[in-house]
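Everything on this sheet refers to the single structure shown next.
The values are calculated or read from the model by the stated rules, or taken from the named source; none is laboratory data. Values in this document were obtained by computation on a predicted structure and should not be read as measured data. Here Cβ is always computed from backbone atoms with ideal geometry, including for glycine, and neighbour counts include all displayed protein chains.
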Amino acid sequence: MININKKLVLGVLLASLTLTTACNDILDEEPKGIYTPEDFYTERGIQQGVTALYRHLRLLYGNGYYMSTTMGGTDELTYAQSADNNFKDLDFSGVGNLTPSSFPSSMVWAAVFPYINTANGIIQNGPTVGIKESLISEARFFRAFDYFLLVQTYGGVPLDLGSGDLKFNISASTSSKRNTVSEVYTKAIFPDLLTAIDNLPVSPRVTGGVTKNVARLYLAKAYLTYAWWLQNPNNIPTYPETSRTDPNGQSAQWYFQQAYDVALEAINNPGPYALQPTYYDVNLGANDRNSETMLYADHTQSSSFYNEGDPFGFASGWSPDNFATWISTWNYTNIRSSSSATSWTAVSSVQRAATQDLGRPWTRMAPTIEAIKNTFADKTHDSRFDGTFQMVFRANWDKAGLKDGNGQVYTKLYNANNLEIHPGDAVLSFLSDDSQADNIIYPIGAGKSNVGAGELPGRADFVIHTSGISRIAYPSLWKLGTYRTDDPNGLGYPNAGLTRPGYAAKFSEFYLIAAEAAVKGAAGAKSARELVNVLRARAGKWRWDNNGNIAKNIDFSAEMIAATPASIDIDYILAERSREFYGEGYRWYDLVRTQRWEQYAKTYSIGGNNYGNHSPQVVNRNIQAHHYLRPIPQSQFDYMEMSAAEEAAYQNPGY
């Protein structure tokens with residue numbers, strides 16, 4: 001019922017694996033570019049199909065347009081100066097219009113259905129060719145993973161792809177029927193994850209592979225999301241229309257308790273997973289694939305073949321490349337300093353470089369002022385602000401080999417207040433608050449800095465205060481930034497796709513899932529406050545000041561715990577989730593799950609599109625109840641033979 005090409009070109013490019021085997025060599029087998037139905041009746045074909053399921057994570061995680069659909073229109077991010085309608089359509093502020101033809105909102109649908117059918121084939125035929133249930137359960141996990149993405153994004157979706165519910169389909173179909181939300185959860189997501197937990201190993205079969213606790217994370221989150229759906233506190237409509245009752249007769253409270261219990265079981269039996277000692281360590285490129293990172297779309301700089309893209313060339317900005325961080329990186333390369341102390345002779349002092357603090361700028365999405373000021377209100381004790389944003393842009397002209405008139409690389413340049421700067425010094429700083437706003441001397445337009453930044457007496461760096469950020473000049477996302485091990489003395493390869501993994505799941509989320517369930521009435525050994533404080537205490541531990549570029553061995557855990565409210569509510573949980581996972585693709589789903597999207601994101605503030613615009617504009621969004629579901633993509637209707645009335649009944653209301 002979902003259109004599947006007769007040849008079953010399932011998006012399976014089996015060459016594109018960077019996973020390494022831990023227990024066997026199935027990922028080392030000869031790669032194959034096209035999958036046909038016959039492959040699902042061979043042991044080798046099934047094994048390669050499992051490998052392909054890992055590959056399909058690359059279609060979303062690390063894709064900048066997936067960032068748009070999961071964070072656009074939220075309190076975290078808005079569109080930036082160079083955005084097109086792939087970003088404006090999701091802002092709901094009148095600059096675009098979300099329709100079935102809008103691209104980013106169609107991504108989940110297009111990316112996962114072919115792989116659901118791949119999983120169906122593995123699950124259906126695996127036992128007949130001698131595949132162990134532990135391997136088949138990896139496919140069960142991915143089928144549940146994909147359906148969970150779908151049901152959160154679109155509501156009820158088809159379980160029958162043309163051959164029956166959850167059956168492998170080998171024939172093109174031109175009709176489709178959507179199941180209800182409750183059917184998707186109770187017939188597909190929950191059974192698959194429960195079976196996977198029973199049969200998956202404690203430690204991964206391959207590096208980055210799924211395990212019992214990876215499945216537990218998604219089961220706990222699915223229980224939590226379904227419980228909210230059953231409860232429906234703000235009367236958000238569902239589609240296809242159905243009563244908010246569980247087919248198994250369980251209450252929302254029962255599912256909140258299950259979410260808590262599953263999350264606590266994982267916390268108490270972590271297996272190979274653990275929290276990193278500091279928040280800085282979680283997202284440091286040199287520490288990628290650490291014990292806190294549970295599931296990811298992997299990449300490598302050692303091979304174009306296995307990276308599925310040239311790690312040294314000029315990337316196209318499309319999956320399977322990892323390029324999400326470009327979307328939220330402003331064009332810092334426009335910053336200028338001077339080669340002369342007496343006359344302003346412009347020199348590009350901050351060059352595009354393949355380092356975590358810089359990278360390739362696209363200027364498509366910008367943080368809201370409220371995210372910086374309010375979400376990360378405590379920037380003194382809480383290291384998560386420093387471990388999330390790049391606020392200081394430092395001189396690196398020496399790595400570009402910029403030379404003076406005598407053919408010598410500049411040893412110094414002149415910057416704000418015509419003061420000297422040297423390689424590694426701050427050229428432009430976004431200030432962490434507004435306390436010095438009245439003292440900043442801003443130019444009219446772009447000014448000496450060429451990006452509209454101001455000057456503070458005695459400071460050699462240009463500055464922009466927090467409320468002075470705009471759609472064209474704003475802090476970038478350090479946590480997702482480029483990291484490479486080649487060319488340490490030069491600018492590297494900043495235009496290539498990132499060779500870092502794109503993360504889908506982290507061990508830290510167990511604590512916030514359990515805390516949210518506890519706020520909703522679940523009972524157990526740990527209170528919501530105790531669970532939240534595990535992450536808050538960790539956030540108080542510093543070993544490095546990222547924006548200060550200096551060691552900072554200090555522990556503010558006690559202060560962080562003391563600042564936690566005695567009574568935790570959902571709003572506090574959502575604030576903690578944003579502080580912990582800002583920019584990582586969680587926010588729209590979090591706000592939709594808790595039905596607080598309109599409440600949180602209906603207004604935001606940011607400056608305009610031009611350099612020198614430091615007056616924040618308050619922007620109103622028109623978020624309506626039907627927007628809590630994305631539209632079914634127009635491409636789906638293009639493949640189906642339906643009457644206009646049938647198409648209207650298939651589409652989510654309001655689109």
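Sort out which residues of the stretch 332-351 are hydroxyl-bearing (Ser, Thr, Tyr), outside any helix (DSSP H, G or I) and under 27 Å from the mean Cα position of the chain (by Cα), and write them in order of number.
Once the filter is applied, which keeps residues that are hydroxyl-bearing (Ser, Thr, Tyr), outside any helix (DSSP H, G or I) and under 27 Å from the mean Cα position of the chain (by Cα), the stretch 332-351 yields nothing.
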### Task
Quick one: count up the residues across the stretch 440-468 that are of a type in the set (A, V, I, L, M), in contact (Cβ under 8 Å) with a residue 40 or more places away in the chain and touching a His at 6+ places or on another chain (Cβ under 8 Å).
1
### Task
Please find, among Asp261, Asp246, the residue that is in contact with a helix residue (DSSP H, G or I) (Cβ under 8 Å, 6 or more places away or on another chain), under 30 Å from Thr180 (Cα atoms) and of a type in the set (D, E, K, R).
Asp246
### Task
Being more than 14 Å from Ile632 (Cβ to Cβ), surrounded by fewer than 18 Cβ atoms within 10 Å (Cβ to Cβ) and among the basic types (Lys, Arg) is the filter here, so list the residues in the stretch 142-196 that pass it.
Lys167, Lys187
### Query
Hey, does the stretch 538-557 have a residue that's in contact (Cβ under 8 Å) with a residue 12 or more places away in the chain, buried (at least 21 other Cβ atoms within 10 Å of the Cβ), within 26 Å of the chain's Cα centre (by Cα) and under 29 Å from Trp228 (Cα atoms)?
yes
### Task
Among the numbered conditions (1) surrounded by fewer than 18 Cβ atoms within 10 Å (Cβ to Cβ); (2) outside the structural domain of Asn120 (by TED's automatic domain parsing), tell me where Leu219 comes up short.
(1)
### Task
Kindly list the number of the only condition in (1) surrounded by fewer than 17 Cβ atoms within 10 Å (Cβ to Cβ); (2) modelled with pLDDT of 95 or more; (3) of a type in the set (A, V, I, L, M) that fails for Ile136.
(1)
### Query
Given the conditions (1) part of a loop (DSSP other than H, G, I, E, B); (2) touching a Leu at 6+ places or on another chain (Cβ under 8 Å); (3) farther than 24 Å from Ala52 by Cα, which single one is not true for Ala366?
(1)
### Message
Show me the helices (runs of 4 or more DSSP H) entirely contained within the stretch 255-331 in which 2 or more residues are within 15 Å of the chain's Cα centre (by Cα).
### Response
279-283, 324-327
#### Entry: Val129 vs. criteria within 30 Å of Asn374 (Cβ to Cβ), surrounded by fewer than 23 Cβ atoms within 10 Å (Cβ to Cβ) and of a type in the set (Val, Ile, Thr)
no
### Boolean, Val210 is among the β-branched types (Val, Ile, Thr), in contact with a strand residue (DSSP E or B) (Cβ under 7 Å, 6 or more places away or on another chain), outside any helix (DSSP H, G or I) and surrounded by 21 or more Cβ atoms within 10 Å (Cβ to Cβ)
yes
### Query
Has the stretch 238-247 got at least one residue that is assigned to a helix (DSSP H, G or I), touching a residue at least 12 places away in the same chain (Cβ under 8 Å) and of a type in the set (Phe, Trp, Tyr)?
no
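Against the condition among the small types (Gly, Ala, Ser), without any contact (Cβ under 8 Å) to a residue 24 or more places away in the chain and either assigned to a helix (DSSP H, G or I) or outside the structural domain of Arg471 (by TED's automatic domain parsing) (or both), how does Gly45 come out, does it pass? Reasoning before the result, please.
Numbers: among the small types (Gly, Ala, Ser): yes; without any contact (Cβ under 8 Å) to a residue 24 or more places away in the chain: yes; either assigned to a helix (DSSP H, G or I) or outside the structural domain of Arg471 (by TED's automatic domain parsing) (or both): yes.
When the stated conditions are applied, Gly45 passes them.
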